[in-house]
Amino acid sequence: MNSEDQFISRAKPKRAFDVLCSGVGLLALWPAGLLIGLLIKLTGKGPIFYGQTRIGQFGKPFRIWKFRSMIVNADQTGLSLTKGEDPRVTWIGHLLRKTKLDELPQLWNVLVGDMSFVGPRPEVPRYVARYTPEQREILKYKPGITDMATMFFRNEEALLRGSGDLEGFYLQYCLPKKIELNLRYAQRASVFQDIWIIVQTLCPYWLGVLILYAIALSASFWLSYELRSDFRATRQDYEEFRGYLGWTVLPQLILLFWRRQLRGLISYFSIPEMQRTVTALAIAFLVLLGLCSFSQGRLAPTPSLLLIDFFLSFFALCGVRMAFRFLREHSSKPAYRDTVRRVAIIGTGELATNLALDFARSKTASRRVVAFFDDNPRTWHTRPHDIPVAGMPECLLNAQSQLKIDEVIVALPEEDPKRLQEIREMLKRLAVKVTFASGWPVLKPLEI
């Protein structure tokens, strides 16, 4: 089946999905639309809806509809683009844009066939006129309410806030990236892919993390009851769990949000994130202890149960984060290279060990650390990150050691310049490549 046939075969179920969901959406959401329209009328003069000409599939112009979020005739007093704190946006408009509710009237555009739920966001004619021949490929596809680019440019107004030339920045950097993302989506578009994009549009990243954390914390709280009763929890325990669940989990989530644990990428988890997690849970534990004492047990469980829950919650959240980190680090296929350089690192401090760890984690690294060398005798014959410390740096002068390595990286602190100079002079006698890691990832070659 060629690409043309694939496109046609995808279009039929996609259109059926669009008609069904837009029709149901218009019927279900008309009370919300009525309320939004009333608020727009009560907070200022002008129409409820805003229509603008956009370029649709195959270059055909159409009228796109939104709830009006800006002052009347805003397009005559500035660009069609907006950035953060644009004075033309009304206060109710800020709320509508933040929640994407201003896009609800586009359900009508979907129903009549001008748009789809998922597809490249349509642009105004003067922007489309500047498309390159390659970019005009995007016009083969029906535009949509949301797309892959919408997820990544969710906070586009904040992104454009500091730009002096707003339109120039958008056309030169943002628009080409959006088209690239949408062309990538179009190559593997399907109804299931569309549903996933809609879910991600309606559910921002931080909300997904919040739900995941809420599930983990709720499970930890129930496990606390099971442990207290030696896994013989009664119906009374279940009723008590239901009564205390909200009072227990809500402070934990609020404090995790305060410690910025809902915004970062969940698959990146290290000691600083662990410290912020334990701080949030510890403060929540103290708050709940106070609540238990103040309410005499009516709003929070006993201190012993809270203590069990504190430890279980900490291990649960850390376990979830570590699981995502493990999946991230092992999801990409390694890029096998013809040659991998065997590296010896001089030093066992934080810089040296982190450098070795980075090489070990990278699927595309051309280096593999085989040994450490260090001046501190206490480190000799130990194994940081399961890599042996072979001895002092002078051991590199041993011919047998040199046969086992292709490169030496010096990762020592600069507090002892005399010792660094000694090592520098010694390394000039080696027949291997030598580099200095004064600030990884920058590696400086040894100057002879």
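On the given criteria, is ILE48 among the β-branched types (Val, Ile, Thr) and either farther than 30 Å from TYR205 by Cβ or outside the structural domain of VAL124 (by the TED database) (or both)?
Details: among the β-branched types (Val, Ile, Thr): yes; either farther than 30 Å from TYR205 by Cβ or outside the structural domain of VAL124 (by the TED database) (or both): yes.
Criteria met by ILE48.
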Here are some conditions: (1) farther than 23 Å from VAL110 by Cβ; (2) touching a helix residue (DSSP H, G or I) at 6+ places or on another chain (Cβ under 6 Å). GLU157 meets all but one. Which one does it not meet?
(2)
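Only residues that are closer than 26 Å to THR132 by Cβ and either outside any loop (DSSP other than H, G, I, E, B) or touching a Pro at 6+ places or on another chain (Cβ under 7 Å) (or both): list them for the range 32-74, please. So that I can check it myself, show each step before the final result.
Step one: of the range 32-74, the residues closer than 26 Å to THR132 by Cβ are 52-62, 64.
Hits for the range 32-74 are GLN52, THR53, ARG54, ILE55, GLY56, GLN57, PHE58, GLY59, PRO61, PHE62, ILE64.
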Of all helices (runs of 4 or more DSSP H) fully inside the range 132-213, the set with 2 or more residues that are within 30 Å of MET322 (Cβ to Cβ) and among the aromatic types (Phe, Trp, Tyr) is 191-202
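Where in the range 365-417 are there strands (runs of 3 or more DSSP E), lying wholly inside it, with at least 2 residues that are more than 13 Å from VAL343 (Cβ to Cβ)? Can you show your working first?
On the way: elements: 367-373, 389-391, 407-410.
Correct list: 389-391.
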Screening LEU101, LEU79, LEU107, LEU111 for residues that are of a type in the set (A, V, I, L, M, F, W, C) and either outside the structural domain of PHE192 (by the TED database) or modelled with pLDDT under 90 (or both) leaves only LEU79
Quick check, is VAL287 at pLDDT 90 or above and over 30 Å from VAL410 (Cβ atoms)?
yes
Only residues that are under 13 Å from ILE64 (Cβ atoms) and surrounded by 20 or more Cβ atoms within 10 Å (Cβ to Cβ): list them for the range 124-142, please.
LYS142
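Filter the range 269-279 down to the residues that are exposed (fewer than 15 other Cβ atoms within 10 Å of the Cβ) and in contact with a helix residue (DSSP H, G or I) (Cβ under 7 Å, 6 or more places away or on another chain) and list them by number.
Kept after step one, since they are exposed (fewer than 15 other Cβ atoms within 10 Å of the Cβ), are these residues of the range 269-279: 270-272, 275.
Answer for the range 269-279, where residues must be exposed (fewer than 15 other Cβ atoms within 10 Å of the Cβ) and in contact with a helix residue (DSSP H, G or I) (Cβ under 7 Å, 6 or more places away or on another chain): there is none.
Which of the residues belonging to the range 263-276 are more than 11 Å from ARG325 (Cβ to Cβ) and at pLDDT below 85?
Going through the range 263-276, the residues more than 11 Å from ARG325 (Cβ to Cβ) turn out to be 263-264, 271-272, 274-276.
Within the range 263-276, ARG263, GLY264 meet the criteria.
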Residue check for THR248: under 32 Å from the mean Cα position of the chain (by Cα), more than 30 Å from ASP358 (Cα to Cα) and among the hydroxyl-bearing types (Ser, Thr, Tyr):
yes
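Examine the range 222-243 for a residue that is in a loop (DSSP other than H, G, I, E, B) and at positive phi, and state whether such a residue exists.
yes
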So, in the range 412-430, of the ones that are in contact with a strand residue (DSSP E or B) (Cβ under 9 Å, 6 or more places away or on another chain) and surrounded by fewer than 12 Cβ atoms within 10 Å (Cβ to Cβ), which residue ends up farthest from GLU350 (Cα to Cα)?
LYS428
ASP114 - would you say it is in a loop (DSSP other than H, G, I, E, B), acidic (Asp, Glu) and either under 31 Å from the mean Cα position of the chain (by Cα) or crowded, with 19+ Cβ neighbours inside 10 Å (or both)?
yes
Among the numbered criteria (1) surrounded by 14 or more Cβ atoms within 10 Å (Cβ to Cβ); (2) touching a residue at least 12 places away in the same chain (Cβ under 8 Å); (3) not charged (D, E, K, R), which single criterion is violated by SER362?
(2)
Selected residue [farther than 23 Å from ILE387 by Cα and modelled with pLDDT of 85 or more] from ALA344, ALA316, ALA356:
ALA316
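Confirm whether PHE17 is modelled with pLDDT under 80, assigned to a helix (DSSP H, G or I) and assigned by the TED database to the domain that holds GLN135.
no
Residues to consider are LEU299, LEU305, LEU289; find the one that is crowded, with 19+ Cβ neighbours inside 10 Å and either assigned to a helix (DSSP H, G or I) or without any contact (Cβ under 8 Å) to a residue 60 or more places away in the chain (or both).
On the way: LEU299 fails: crowded, with 19+ Cβ neighbours inside 10 Å; LEU289 fails: crowded, with 19+ Cβ neighbours inside 10 Å.
Only one candidate passes the filter, namely LEU305.
The values are calculated or read from the model by the stated rules, or taken from the named source; none is laboratory data. The model shown is predicted, which means the values in this text are computed figures rather than measured ones. Positions of Cβ are backbone-derived with ideal geometry, glycine not excepted, and every protein chain shown enters the neighbour counts.
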